[in-house]
Amino acid sequence: MRDRSAIRYSILAILFLVVGANLAGNLWWVTQKLLSPATSPKEAVTIMMGTRTLVSGELRLDEVQAINGRKFQGYGEWAEAWRVAKPGDKIRLTLREPSGKVIEPSLLVPDASGDYATPSGIALTVASDIVVPIVAILLGFGVVLIRPRDRNAWILLCLMISFAEVSRNSQWFGLGYTATVVWGTFWSMTWPVWMLLFGIGFPHRLPLDGRRPWLKFLLVGPLVGIILGLIGIVAVWHFNIDAALPWHGVLVSLFRMQLILGMTAIGGFFACLGIKGAIEKSPDARRRLRILQTGTGIALTPMLGSLLYGMVQGRELFVGVPWPIVVTVLLMLGTFPLTLAYVIVVGRAMDLSFVIRQSVRYGLARGLLWVVRAALAVAGIGLFITASRGGLRLVDQVRIFAVGISLLVFRQRWTDKASQWVDRRFFREAYDAETVLGELASEAGHYMEIAPLLETVSRRLSDTLHVEDVVVLLSEGNQFVSRFSVQGAHDFVIPTEGRLAARLLEERRPLEVCPADMPPTEQETLVAMKTQLLAPLVAKGRLNGILSLGPKRSEAPWTPTDLRLLGTIASQMALAVENGRLLLSLASEAAEREKANREIEIAKEVQERLFPQKFPQLPGLDCAGFCRPARGIGGDYYDFLDLGNDRLGIAIGDVSGKGIPAALLMASLQASLRGQAMAQVADLGILMNNVNKLVYDASSSSRYATFFYGEYDINTRYMRFVNAGHNPPIILRGNEVVRLEAGGPVVGLLAGARYVSDECTLQAGDIFIGFTDGISEAMNERDEEWEEERFIAAALAVRNKTAREIIDATFVAADAFTGQAKQYDDMTLLVVRLG
């Protein structure tokens, strides 16, 4: 995590230096023109993009052959001639008329006084070259600095950089002509790309993009490709006009395509906002979306209309348009970053106002703590000096030394605890809320006792989100009864058959609720709990409890990030409550059994329930698994996880040892895996790192497990996997055998072990087989092992059977080999057959 943060801040620093230098240089350039227009040259004529043709307004003139006696080779020479020229200088040109006649006129360089002779011209320059770029850049970098882990913040930064380039009328070339041209062209042309991506992801991801993330690249991919092609041709034109001339037709076509696709992307931005506004249930989120949609519509509609007008008339932008209209369009365009600033900062769409407000209080608290720390240190040093002076009895010197040492020890311990409390209470806790909640989501699923779970989660949520009222209610009979409250109250009741419970079970996600919309009995309870947000605790299709949160002390709204993390925490709590209740239920049943068999029977039943009770029914897949322990309680583990979106998680492992200790470690392994999988950790190597750490912390030094985990996507047929020292699962493809080996060491043995993931593509008819060493190392009465070759041959012999039949036939073949020999190890087999 620290490495990623360092990379993020390094990229941000580099980007800030480049953008800041470019912005500062451009501000200096524009300021010089505003203060001394008479000494600044005005480019009265230009050269049409991709050609040699000289253009003045709407008049197309002759082709340029040479500038100041030097052969004209690229537009960069023209820009350089105007850059070094001063008002009153003459630029000597060699032109060729359409008739073929060559002339050598001299072009007088005018000053820029005309551009700034009127208040409207000055206002336009100040708005487009100073105010708008500064607001856009400060907004973009400010949001990323506060939320560096938020992808939307980085997209917003790119959007603001590109918008600052689009709004400029002047260009400073202090960073080098080539770099400036490529930089400006890239950012100004990719503005629609960032608009579309921002519309998809802000303030939360479009549901359609979550289901089909590839869809946006059908527009973004061609648009970016066209932009890169344009940059390449323009770069060639700037330095080698002869090489660029044959591409003029392509250049014109690419410009038109870029304009059409760019306008389509901007239309997609508005479409995304409209869709989100229609499906969004939170009034506060709908209000922010309306403001953003209206503000950006007002800002961009005139500019898009001007572009369409130019395309219809076959003219460049703003050519032939009265200057009052041009000024109005550009000033309205400048409201775009102001709208974003209002929605994000004032409307608190990205949690910035609370962070900024808390940072001031944090700074004051830390400053006061530093003063107290310094005062205690001075007092301690003063006591040592006093004790060192002569004239004191030995007893008094010893006493003073003891007081001084105690004071310094107290200073260190007290100020460290106070510093941690300040960090949690103020700015840094808000700054790292996502990290804290993410860790809590991983921890919640590993509690086996309900009471510590409820207290830990409730207090951590209260501290992290700055919510004073947190209540957890659990189902008991026909009602939900409060079982923990941060405020100490335990007399809240919600009916299990009421409207509120039905809605939470249907939505299965955190919901912002309005008590006035509920029946009187539920309304009274919600008001008493000061409820603003409810998160359902759903496990195995049942609503086991409700997590109630009151308003934040900052009065900030609940963000999409808050809701996502709270949903994950609630899911883990529900799983832990379910497991806790299962253990309590089994313990109650076991109390009635014989004392000698109690421990074994409970553990065996727990273990059997940890295995899949039914196999997933997914299109094109035939799944089955079976474990036959060597004793009543085994240490083998297998699992299928339905990850949604036609994705299947496949796990198999072998815990060291036998009996109850192995079964307990197996339960910890399952809880760790399910917690990480439900948190949707994208990198399976990182997922296995987390599982290893959790198992290591939960087990003794002599306990470990071999483990394999893979995720298969039915739609793409890709399987990502990581193998932690387990027997490599095999894929039977005809008579070919593929082994899945990439990963790392066993889990639970080395705290700092690291794992790498791999992937493969499966084909129709492939058979995935996972097994433990109890299969391949099954021994007969002569102590001969069955070995992997015989096992694979047995599986190949029945490869046309169903998954269940393959497992049954394999066990029959193994038993035929072992004969009457005793089974020494657990035997587990897992089969997934692809249709």
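Would you mention how many residues in the range 798-822 are over 49 Å from the mean Cα position of the chain (by Cα) and closer than 25 Å to Ala663 by Cα?
3
Here are the criteria: (1) modelled with pLDDT under 70; (2) of a type outside the set (Lys, Arg); (3) open to solvent by less than 70 Å² (accessible area, probe 1.4 Å). Tell me which single one Leu308 does not satisfy.
(3) is the only condition that Leu308 fails.
Matching residues to (1) aromatic (Phe, Trp, Tyr); (2) open to solvent by 20 Å² or more (accessible area, probe 1.4 Å):
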site: Val538; (1), (2): no, yes
site: Arg553; (1), (2): no, yes
site: Trp558; (1), (2): yes, no
site: Thr561; (1), (2): no, yes
site: Ile569; (1), (2): no, no
site: Met573; (1), (2): no, no
site: Glu578; (1), (2): no, yes
site: Leu584; (1), (2): no, yes
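Results for (1) within 28 Å of Lys614 (Cβ to Cβ); (2) of a type in the set (Val, Ile, Thr), shown as yes or no for each residue.
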{"position": "Ile767", "(1), (2)": "yes, yes"}
{"position": "Ser776", "(1), (2)": "yes, no"}
{"position": "Trp786", "(1), (2)": "no, no"}
{"position": "Thr810", "(1), (2)": "yes, yes"}
{"position": "Asp815", "(1), (2)": "yes, no"}
{"position": "Thr818", "(1), (2)": "no, yes"}
{"position": "Ala821", "(1), (2)": "no, no"}
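Within the range 221-230, can one find any residue that is outside any helix (DSSP H, G or I), on the phi < 0 side of the Ramachandran plot and open to solvent by 20 Å² or more (accessible area, probe 1.4 Å)? Please lay out each step first, then the result.
Of the residues in the range 221-230, the ones outside any helix (DSSP H, G or I) are none.
No, because not a single residue in the range 221-230 is outside any helix (DSSP H, G or I), on the phi < 0 side of the Ramachandran plot and open to solvent by 20 Å² or more (accessible area, probe 1.4 Å).
Among the residues of the range 539-549 satisfying the criterion of being of a type outside the set (S, T, N, Q) and at pLDDT below 85, which is farthest from Gly580 (Cα to Cα)? Walk me through it before giving the result.
Let us first name the residues in the range 539-549 that are of a type outside the set (S, T, N, Q), namely 539-543, 545-547, 549.
Narrowing further to those that are at pLDDT below 85: 539-542.
Working: Ala539: 12, Lys540: 14, Gly541: 17, Arg542: 15 Å.
Checked the range 539-549; the qualifying residue farthest from Gly580 (Cα to Cα) is Gly541.
Quick one: count up the residues across the range 82-100 that are under 17 Å from Thr180 (Cα atoms) and either open to solvent by 80 Å² or more (accessible area, probe 1.4 Å) or modelled with pLDDT of 75 or more (or both). Write out each step before concluding.
Of the residues in the range 82-100, the ones under 17 Å from Thr180 (Cα atoms) are 82-84.
When the remaining residues are screened for being either open to solvent by 80 Å² or more (accessible area, probe 1.4 Å) or modelled with pLDDT of 75 or more (or both), the result is 83-84.
Qualifying residue count, the range 82-100: 2.
So is Val737 in a strand (DSSP E or B) and open to solvent by 30 Å² or more (accessible area, probe 1.4 Å) or not?
Working: in a strand (DSSP E or B): yes; open to solvent by 30 Å² or more (accessible area, probe 1.4 Å): yes.
So Val737 passes the test.
Mind telling me which of the residues Ala809, Ala793 ends up being surrounded by 14 or more Cβ atoms within 10 Å (Cβ to Cβ), without any contact (Cβ under 8 Å) to a residue 24 or more places away in the chain and in a helix (DSSP H, G or I)?
Numbers: Ala793 fails: surrounded by 14 or more Cβ atoms within 10 Å (Cβ to Cβ).
Checking each option against the conditions leaves just Ala809.
Taking Asn68 as meeting all but one of (1) open to solvent by 40 Å² or more (accessible area, probe 1.4 Å); (2) on the phi < 0 side of the Ramachandran plot; (3) modelled with pLDDT of 75 or more, write down the number of the exception.
(2)
With (1) in contact with a Leu (Cβ under 7 Å, 6 or more places away or on another chain); (2) surrounded by fewer than 16 Cβ atoms within 10 Å (Cβ to Cβ); (3) not acidic (Asp, Glu) as the list, and Phe771 as the residue in question, which single condition is left unmet?
For Phe771, the failing item is (2).
Of the numbered conditions (1) of a type outside the set (D, E, K, R); (2) out of contact with any Leu (no Cβ under 8 Å at 6 or more places or on another chain); (3) open to solvent by less than 10 Å² (accessible area, probe 1.4 Å), Gly743 satisfies every one except a single condition; which is it?
Unmet condition: (3).
Check whether at least one residue in the range 722-738 is without any contact (Cβ under 8 Å) to a residue 12 or more places away in the chain, acidic (Asp, Glu) and within 30 Å of Ala793 (Cα to Cα), and report yes or no.
yes
List the number of the failed condition for Ala698; all other conditions in (1) modelled with pLDDT under 90; (2) of a type outside the set (Phe, Trp, Tyr); (3) touching a His at 6+ places or on another chain (Cβ under 8 Å); (4) open to solvent by less than 60 Å² (accessible area, probe 1.4 Å) hold.
For Ala698, the failing item is (4).
Does Thr761 satisfy being within 29 Å of Gly685 (Cα to Cα) and among the hydroxyl-bearing types (Ser, Thr, Tyr)? It would help to see each step written out before you state the result.
Working: within 29 Å of Gly685 (Cα to Cα): yes; among the hydroxyl-bearing types (Ser, Thr, Tyr): yes.
The answer is yes for Thr761.
Here are some residues: Ala38, Ala13, Ala6. Which one is at pLDDT below 75, open to solvent by less than 70 Å² (accessible area, probe 1.4 Å), part of a helix (DSSP H, G or I) and closer than 18 Å to Leu145 by Cα? Give the derivation first.
Details: Ala38 fails: closer than 18 Å to Leu145 by Cα; Ala13 fails: at pLDDT below 75.
The unique qualifying residue is Ala6.
Hey, any hits in the range 750-762 for a residue that's within 19 Å of Pro728 (Cβ to Cβ), part of a helix (DSSP H, G or I), under 43 Å from the mean Cα position of the chain (by Cα) and at pLDDT below 95?
no
When you go through Pro619, Pro612, Pro661 one by one, which is the residue that is part of a helix (DSSP H, G or I) and either open to solvent by 60 Å² or more (accessible area, probe 1.4 Å) or modelled with pLDDT under 90 (or both)? Before the answer, list the steps.
Numbers: Pro619 fails: part of a helix (DSSP H, G or I); Pro612 fails: part of a helix (DSSP H, G or I).
Going through Pro619, Pro612, Pro661 in turn, the sole match is Pro661.
Within the range 249-279, track down each residue that is more than 21 Å from Phe186 (Cβ to Cβ) and open to solvent by less than 60 Å² (accessible area, probe 1.4 Å). Break it down into steps so the answer makes sense when it comes.
From the range 249-279, those more than 21 Å from Phe186 (Cβ to Cβ) are 249, 267, 270-279; that's our starting set.
Listed by number, the residues that qualify are Gly249, Gly267, Phe270, Ala271, Cys272, Leu273, Gly274, Lys276, Gly277.
From the list Met666, Met719, which residue is over 31 Å from the mean Cα position of the chain (by Cα), open to solvent by less than 10 Å² (accessible area, probe 1.4 Å) and under 30 Å from Ala778 (Cβ atoms)? Step through it out loud before you land on a result.
Numbers: Met719 fails: over 31 Å from the mean Cα position of the chain (by Cα).
Within the list Met666, Met719, the selection yields Met666.
If you scan the range 746-758, which residues turn out to be of a type outside the set (A, V, I, L, M) and either in contact with a Gly (Cβ under 9 Å, 6 or more places away or on another chain) or surrounded by 19 or more Cβ atoms within 10 Å (Cβ to Cβ) (or both)?
Start the filter on the range 746-758 by keeping residues that are of a type outside the set (A, V, I, L, M), which leaves 748, 752, 754-755, 757-758.
Gly748, Arg754, Tyr755, Ser757, Asp758 - these are the residues of the range 746-758 that are of a type outside the set (A, V, I, L, M) and either in contact with a Gly (Cβ under 9 Å, 6 or more places away or on another chain) or surrounded by 19 or more Cβ atoms within 10 Å (Cβ to Cβ) (or both).
List the residue pairs whose Cβ atoms are under 6 Å apart, where the first residue sits in the range 275-290 and is within 9 Å of Pro203 (Cβ to Cβ) and assigned to a helix (DSSP H, G or I), the second is modelled with pLDDT of 65 or more and not aliphatic (A, V, I, L, M), and the two are 6 or more positions apart or on different chains.
Leu289/Lys276; Leu289/Gly277
Can you go through Thr496, Thr464, Thr456 and tell me which one is open to solvent by less than 30 Å² (accessible area, probe 1.4 Å), over 15 Å from Ser548 (Cβ atoms) and either touching a helix residue (DSSP H, G or I) at 6+ places or on another chain (Cβ under 9 Å) or in contact (Cβ under 8 Å) with a residue 12 or more places away in the chain (or both)?
On the way: Thr496 fails: open to solvent by less than 30 Å² (accessible area, probe 1.4 Å); Thr456 fails: open to solvent by less than 30 Å² (accessible area, probe 1.4 Å).
Matching residue, one of Thr496, Thr464, Thr456: Thr464.
Residues Leu750, Leu687, Leu740, Leu732: which one is under 26 Å from Arg609 (Cα atoms) and not polar (S, T, N, Q)? Spell out how you get there, then give the answer.
Numbers: Leu750 fails: under 26 Å from Arg609 (Cα atoms); Leu740 fails: under 26 Å from Arg609 (Cα atoms); Leu732 fails: under 26 Å from Arg609 (Cα atoms).
None of the other options fit; the residue is Leu687.
The values are calculated or read from the model by the stated rules, or taken from the named source; none is laboratory data. All of these numbers come straight from a predicted model, not from anything done at the bench. Ideal geometry is used to build each Cβ from the backbone, glycine not excepted, and the neighbour counts take in all protein chains shown. Each accessible area value is taken on the protein alone, full model and side chains, heavy atoms only, with ligands, DNA and RNA left out. Shrake-Rupley method; radii C 1.70, N 1.55, O 1.52, S 1.80 Å.
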